[in-house]
Amino acid sequence: MQNRLSRADVPVETTWDLSDLFADDAAWDVEFQGVDAAREALAGYQGRLGERAATLLACLNAVESVQARLMRVGSFAHLRNAQDGTNPQHQAAVARVAALQARVAAATSFVDAEILAFPEGLLQQFIAAEPGLADFNTYLGDLLALRPHRLGAEAERVLASLGEVLNAPYMIYNRSKASDLQFAPFTDAAGTVYANSVNGFESNYEGHADTSVRRHAWASFSAGLKAYNQTYAATFATEVSKNVTLARLRQYPSTEAFLLQPHKIPQAVYTNILDIIQAGLAAHMQRYARLRRRVLGLDKLLYCDIKAPLDPEFNPHMTYEDGCALILEALAVMGPEYVDFARTAMQQRWVDRADNIGKSSGAFCASPYGVHPYILITWSNTMRNVFTLAHELGHGGHFGLAMQHQRFVNTRPAMPFVEAPSIMNEMLLAQHILARSQETRLRRSVIMQVLGTYHHNFVTHLLEAELQRQVYALAEGGGSITAAVLNERKGRILEKFWGDTVEIDDGARMTWMRQPHYYMGLYPYTYSVGLVASTAMSLRVQQEGQAAVQRWLQVLKAGGTRTPLELMQLAGIDMASPQPIHDAVAYVGRLIDELEQSFD
């Protein structure tokens, strides 16, 4: 049995270099103290924001500076914890950052309160008198939209000071997942013993060609989750209760309305995404499931079989270097500036690709303002890794460009747009490979990778969003959120979607335990928004060439200066209409058509 390495034992070239953030712990601690001191200095502006336009601008500049510095301090702590969540020093640093974030939130809470208390017309007078305030137009507009839902100044200060407590469910979930979850070794039909872990299962065993390995790994994985079923349910229920309570305190008509407020989209877009994709995609995915069962020769398709490769003998071994080269070729259409960024990220240790005990599962990109993006992934030499790295480089390229063209306050767009640039890169990668080959097995392999992207966003994350919709409605009606309820609801959602094509077992019913997105507001549905937009945009790049690319680059550089629908409109996509959603679902159907034909 191969044992996983400790962080100290992995090759340094497979890890990220965090010295671009801070040279060492001492430098980080100095800046930590500096941020805390700058936070205290903000008190000098309290009670004075209505005096003069220049005072308001000076305060907003000072707050922005503190927040940008805090982001870098927080990123260093969280990235180190992500590389090894079992390290007590890393855990302690994350806790210190959480406390500092709460102090900063409390110290800056007066800013919003005072601006919202301005006499009618005063803010407009200040904006007219002070050109520098134009940089804060988006922030000020978002703030005014919150006016009907604001509490009194003291209540807002108290809530801000409780930030660490209110974020506790997310912290508890992540810490437990990194440090507590243990999975028993399992043995395949040949008697080989394997170690199991979250990263090991999701990176290697979930899509393993050997049914015995896949199913025994699933049994081990499910048993490990079951040990924490009650604990994670209580954590999830606490998050739900928190959001329901805050929505009522702030007098929103529903928790969904409260959580969608920062997304800046009409609720109809959210509803369309959930309803249209589930209704239209199910038949296509059930067809894919039947194909998988037939090709694999299985009596029945279990939930742990839905990612099994259909042509396992054609499984190109993709080293990190080969994967990077393929991505750079695919992104060439985006122009030299974008490609140079991607090359630098992959060659200058902005990517952490090692596998070690305590490393965070999955993949993500963090983009501390004023430095550069950092990407976490666990590389296992598969084509799926290549698509995942392209995805995270899409996030990095987006925020890298936004950082170059926008100041901190205007860098990040609302959540429904965030996944579009990342999935766009996956689409470009697939188009590049498919355009240069008519070889059946290669095309089939790439189509399955693309379908993996659609499965990830249109199935996994969208059904998470459906569970959220049901759970929040249940909680608002006074229902209890327990492990039994979550398992049962998740099971029913899966059974409705997959019909009789997939057997939903107890492990499948516990899949809600695998994702942190339930602690990020209504994050899950935004993946589907991004995939709809990137599907449309990638087809426009094919049809229009550089004209479409230039529009897309302008959108990326715009950062958060426009709403998600405005950004997509600038790119040429009308997300206010349900048509792009129908088009994306139909595209999945065409991919499955070609896949079925390749096996006939």
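The set of residues in the range 479-516 that are under 25 Å from the mean Cα position of the chain (by Cα), closer than 24 Å to TYR288 by Cβ, at pLDDT 95 or above and of a type outside the set (Lys, Arg) comprises GLY491, ILE493, LEU494, PHE497, TRP498, GLY507, ALA508, MET510, THR511, TRP512.
Against the test of being of a type in the set (D, E, K, R), loosely packed, with under 14 Cβ neighbours inside 10 Å and at pLDDT 95 or above, the options ARG39, ARG80, ARG52 yield a single qualifying residue, ARG52.
Yes/no per residue for (1) among the hydrophobic types (A, V, I, L, M, F, W, C); (2) at pLDDT 95 or above:
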{"residue": "GLN404", "(1), (2)": "no, yes"}
{"residue": "ARG407", "(1), (2)": "no, yes"}
{"residue": "GLU426", "(1), (2)": "no, no"}
{"residue": "ILE433", "(1), (2)": "yes, no"}
{"residue": "VAL446", "(1), (2)": "yes, no"}
{"residue": "ARG469", "(1), (2)": "no, yes"}
{"residue": "ALA475", "(1), (2)": "yes, yes"}
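Based on this model, can you work out whether LEU122 counts as of a type outside the set (Gly, Ala, Ser) and within 27 Å of the chain's Cα centre (by Cα)? Taking the combined requirement at face value, the residue does not satisfy it. Is one or more of the residues making up the range 525-541 open to solvent by 10 Å² or more (accessible area, probe 1.4 Å) and within 18 Å of the chain's Cα centre (by Cα)? Checking the range 525-541: at least one residue is open to solvent by 10 Å² or more (accessible area, probe 1.4 Å) and within 18 Å of the chain's Cα centre (by Cα).
Yes/no per residue for (1) open to solvent by less than 40 Å² (accessible area, probe 1.4 Å); (2) over 30 Å from PRO316 (Cα atoms):
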| site | (1), (2) |
| --- | --- |
| ASN425 | yes, no |
| ALA430 | yes, no |
| GLN438 | no, no |
| GLU495 | no, yes |
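Of the helices (runs of 4 or more DSSP H) lying entirely inside the range 201-280, the ones with 2 or more residues being touching a Gly at 6+ places or on another chain (Cβ under 9 Å), surrounded by 16 or more Cβ atoms within 10 Å (Cβ to Cβ) and at pLDDT 95 or above are found at 211-226, 255-260. Here is the figure for the range 288-327: residues that are open to solvent by 30 Å² or more (accessible area, probe 1.4 Å) and not in a loop (DSSP other than H, G, I, E, B) total 9.
From the list ARG150, ARG157, the lone residue that is without any contact (Cβ under 8 Å) to a residue 60 or more places away in the chain, more than 30 Å from ARG293 (Cα to Cα) and surrounded by 15 or more Cβ atoms within 10 Å (Cβ to Cβ) is ARG157. Looking across the range 563-600 at every residue that is hydroxyl-bearing (Ser, Thr, Tyr) and in a helix (DSSP H, G or I), the one that is farthest from GLN261 (Cα to Cα) is identified as SER598. Do we have any residue at all in the range 359-372 that's surrounded by fewer than 20 Cβ atoms within 10 Å (Cβ to Cβ), in contact (Cβ under 8 Å) with a residue 60 or more places away in the chain and under 28 Å from ARG514 (Cα atoms)? Yes - at least one qualifying residue is present in the range 359-372.
The set of residues in the range 67-92 being in contact (Cβ under 8 Å) with a residue 24 or more places away in the chain, assigned to a helix (DSSP H, G or I) and among the small types (Gly, Ala, Ser) consists of ALA68, GLY74, SER75, ALA77, ALA82.
Just to be sure, is ASN356 open to solvent by less than 10 Å² (accessible area, probe 1.4 Å) and at pLDDT below 95? It is true that ASN356 is open to solvent by less than 10 Å² (accessible area, probe 1.4 Å) and at pLDDT below 95. Just one of the listed residues (VAL450, VAL351) is modelled with pLDDT of 95 or more, under 30 Å from ALA195 (Cα atoms) and not polar (S, T, N, Q), and it is VAL351.
One residue stands out in the range 126-147 among those that are aliphatic (A, V, I, L, M) and without any contact (Cβ under 8 Å) to a residue 24 or more places away in the chain: the one that is most open to solvent (accessible area, probe 1.4 Å), namely ALA128. The set of residues from the range 514-564 being of a type in the set (Phe, Trp, Tyr) and without any contact (Cβ under 8 Å) to a residue 12 or more places away in the chain is empty. Residues being surrounded by fewer than 17 Cβ atoms within 10 Å (Cβ to Cβ) and touching a Lys or Arg at 6+ places or on another chain (Cβ under 8 Å): count how many of those fall in the range 167-177. Number of matching residues: 0.
Listed by position, the helices (runs of 4 or more DSSP H) contained in the range 499-562 that have at least 3 residues being in contact with a Cys (Cβ under 6 Å, 6 or more places away or on another chain) and not polar (S, T, N, Q) form an empty set.
Just one of the listed residues (GLU51, GLU64) is assigned to a helix (DSSP H, G or I) and among the charged types (D, E, K, R), and it is GLU64. State the number of residues belonging to the range 270-294 that are under 30 Å from GLY560 (Cα atoms) and touching a helix residue (DSSP H, G or I) at 6+ places or on another chain (Cβ under 7 Å). Residues in the range 270-294 being under 30 Å from GLY560 (Cα atoms) and touching a helix residue (DSSP H, G or I) at 6+ places or on another chain (Cβ under 7 Å): 7 in total.
Residue count for the range 497-513 under the criterion of being free of Cβ contacts under 8 Å to residues at least 40 places away in the same chain and surrounded by fewer than 18 Cβ atoms within 10 Å (Cβ to Cβ): the result is 1.
For the range 56-71, taking the residues that are open to solvent by less than 30 Å² (accessible area, probe 1.4 Å) and out of contact with any Ser or Thr (no Cβ under 8 Å at 6 or more places or on another chain), the one that is farthest from TYR374 (Cα to Cα) is identified as LEU56. Filtered by the rule that a residue be over 16 Å from ARG343 (Cβ atoms), in contact with a Gly (Cβ under 7 Å, 6 or more places away or on another chain) and assigned to a helix (DSSP H, G or I), the range 363-386 gives ARG384, ASN385. Which members of the range 571-590 meet the condition of being more than 25 Å from the chain's Cα centre (by Cα) and open to solvent by less than 20 Å² (accessible area, probe 1.4 Å)? Within the range 571-590, GLY589 is the sole residue that qualifies. Of the numbered criteria (1) modelled with pLDDT of 95 or more; (2) within 12 Å of LEU389 (Cα to Cα); (3) open to solvent by less than 40 Å² (accessible area, probe 1.4 Å), the one TYR338 fails is (2). Within the range 456-471, one or more residues are in contact (Cβ under 8 Å) with a residue 40 or more places away in the chain, touching a His at 6+ places or on another chain (Cβ under 8 Å) and closer than 21 Å to ALA586 by Cβ.
The values are calculated or read from the model by the stated rules, or taken from the named source; none is laboratory data. Being a predicted model, the structure only gives us computed values, none of them experimental. Every residue, glycine among them, receives a Cβ derived from its backbone with ideal geometry; neighbour counts consider all protein chains shown. Accessible surface areas use protein heavy atoms only, side chains included; no ligands, DNA or RNA. Shrake-Rupley method; radii C 1.70, N 1.55, O 1.52, S 1.80 Å.
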